[in-house]
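Colleague: One structure is given below, represented as structure tokens, and several questions about it will come after.
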């Protein structure tokens, strides 16, 4: 038995895989145990330190701590990421369409622009927006995220368009559709569905890149974690780090699961249509079948 991409492993290969899986699992458990021991020796698991989230010192309340993390910090992170994602997606579609133009004087400069911005660090673009263009911190962060991610999204969509069979384009031209109509009605919807995993991965990267706003002074989640650590003392840095990591993982995991659900929902609809059509054809060809 073999799959499309590789041959199924035989008995010896499966034994080797099982052995190496056990070895890797034991090694991982050993590393986690050593990390736990190191943190335990530094009293990082002391329940008193974790009370900073339930009964914080210095006259603060648990509500104020969680509000600074979830409402202010995460709220500003999602606000920047949400606006940047929408703008980057729109700009990416435009760049992808122009990138596929037949005229070299249009296609080549667009290609140069995309490659140039893909090669720049996001934090450099944020600094450029804040310092060179004089933008407020929020819009400087959004500017950097949009410029970089629009170039990446454009390349993802272009790859999806190029991967489609050429016969679809030829068929669209044959029935009288223009190039723009073909792109937006036939090619782009399929490219988005085909490249959905890559687009979601880039969305997760965009969300994580909002933490670079910490460097330019934007008060996102990472900045709020640092502020709380400085206020309550460095002895709580590990606790705030763990909570911040859990928040980031929870948000990114939710985005990934939402994308998986949307992809399965779209695939199920498409599959349902195909099955229904096949069943209708079989019924029509069955002996004694009568046309509806």
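Colleague: If you check every pair at least six apart or on different chains, which have Cβ atoms under 6 Å apart with a residue in the stretch 155-173 that is touching a residue at least 60 places away in the same chain (Cβ under 8 Å) first and a residue that is in a loop (DSSP other than H, G, I, E, B) second?
Modeller: 156/195
Colleague: Considering only residues that are in contact with a helix residue (DSSP H, G or I) (Cβ under 8 Å, 6 or more places away or on another chain) and outside any loop (DSSP other than H, G, I, E, B), which ones fall in the stretch 7-39?
Modeller: Hit for the stretch 7-39 is 39, nothing else.
Colleague: Continuing with the same structure: Return a yes/no flag: does the stretch 104-111 have any residue that is in a helix (DSSP H, G or I), in contact with a helix residue (DSSP H, G or I) (Cβ under 6 Å, 6 or more places away or on another chain), farther than 30 Å from residue 186 by Cβ and without any contact (Cβ under 8 Å) to a residue 24 or more places away in the chain.
Modeller: There is no residue in the stretch 104-111 that is in a helix (DSSP H, G or I), in contact with a helix residue (DSSP H, G or I) (Cβ under 6 Å, 6 or more places away or on another chain), farther than 30 Å from residue 186 by Cβ and without any contact (Cβ under 8 Å) to a residue 24 or more places away in the chain.
Colleague: Using the structure shown, decide if residue 199 is in contact with a helix residue (DSSP H, G or I) (Cβ under 9 Å, 6 or more places away or on another chain) and not in a helix (DSSP H, G or I).
Modeller: no
Colleague: Between 133, 188, which is at negative phi and modelled with pLDDT of 90 or more?
Modeller: Sole residue among the options that is at negative phi and modelled with pLDDT of 90 or more: 133.
Colleague: Something else now. Kindly provide the set of residues from the stretch 22-47 that are closer than 17 Å to residue 232 by Cβ and surrounded by fewer than 10 Cβ atoms within 10 Å (Cβ to Cβ), ordered by number.
Modeller: Once the filter is applied, which keeps residues that are closer than 17 Å to residue 232 by Cβ and surrounded by fewer than 10 Cβ atoms within 10 Å (Cβ to Cβ), the stretch 22-47 yields only 47.
Colleague: Return yes when residue 134 is surrounded by 20 or more Cβ atoms within 10 Å (Cβ to Cβ) and under 20 Å from residue 218 (Cα atoms) and no when it is not.
Modeller: Answer is no for this residue.
Colleague: Pick from 181, 168: which is out of contact with any strand residue (DSSP E or B) (no Cβ under 9 Å at 6 or more places or on another chain), part of a helix (DSSP H, G or I) and under 30 Å from residue 260 (Cβ atoms)?
Modeller: When all the criteria are applied, what remains is 168.
Colleague: Okay, next question. Find the residue count for the stretch 117-162, including only residues that are closer than 17 Å to residue 83 by Cα and either in contact with a strand residue (DSSP E or B) (Cβ under 9 Å, 6 or more places away or on another chain) or not in a helix (DSSP H, G or I) (or both).
Modeller: Going through the stretch 117-162 one residue at a time, the tally reaches 2.
Colleague: May I ask you to verify whether residue 66 is within 28 Å of the chain's Cα centre (by Cα) and under 28 Å from residue 243 (Cβ atoms)?
Modeller: So residue 66 passes the test.
Colleague: With the structure loaded, tell me whether residue 84 is within 27 Å of residue 224 (Cβ to Cβ), at pLDDT 90 or above, surrounded by 10 or more Cβ atoms within 10 Å (Cβ to Cβ) and under 33 Å from the mean Cα position of the chain (by Cα) or whether it fails that test.
Modeller: Yes; evaluated as a whole, the condition is true for this residue.
Colleague: Name the single residue that is nearest to residue 152 (Cα to Cα) among those in the stretch 66-103 being part of a loop (DSSP other than H, G, I, E, B) and touching a helix residue (DSSP H, G or I) at 6+ places or on another chain (Cβ under 9 Å).
Modeller: Step by step, filter the stretch 66-103, then rank; the result is 100.
Colleague: As an exercise: evaluate residue 247 against (1) surrounded by 15 or more Cβ atoms within 10 Å (Cβ to Cβ); (2) more than 17 Å from the chain's Cα centre (by Cα); (3) in contact (Cβ under 8 Å) with a residue 60 or more places away in the chain; (4) closer than 25 Å to residue 58 by Cα and give the number of the one condition it does not meet.
Modeller: (2)
Colleague: Okay, moving on. I'm trying to understand the selection: among the residues of the stretch 40-65, which are in a helix (DSSP H, G or I) and out of contact with any helix residue (DSSP H, G or I) (no Cβ under 7 Å at 6 or more places or on another chain)?
Modeller: Correct list: 40, 41, 47, 48, 51, 63, 64.
Colleague: Counting just the residues of the stretch 48-63 that are under 33 Å from the mean Cα position of the chain (by Cα) and surrounded by fewer than 12 Cβ atoms within 10 Å (Cβ to Cβ), which one comes out nearest to residue 239 (Cα to Cα)?
Modeller: Ranking the candidates gives 54 first.
The values are calculated or read from the model by the stated rules, or taken from the named source; none is laboratory data. In this text, all values refer to a predicted model and were calculated from it rather than measured experimentally. Here the Cβ is made from the backbone with ideal geometry for all residues, glycine too, and neighbour counts use every protein chain on show.
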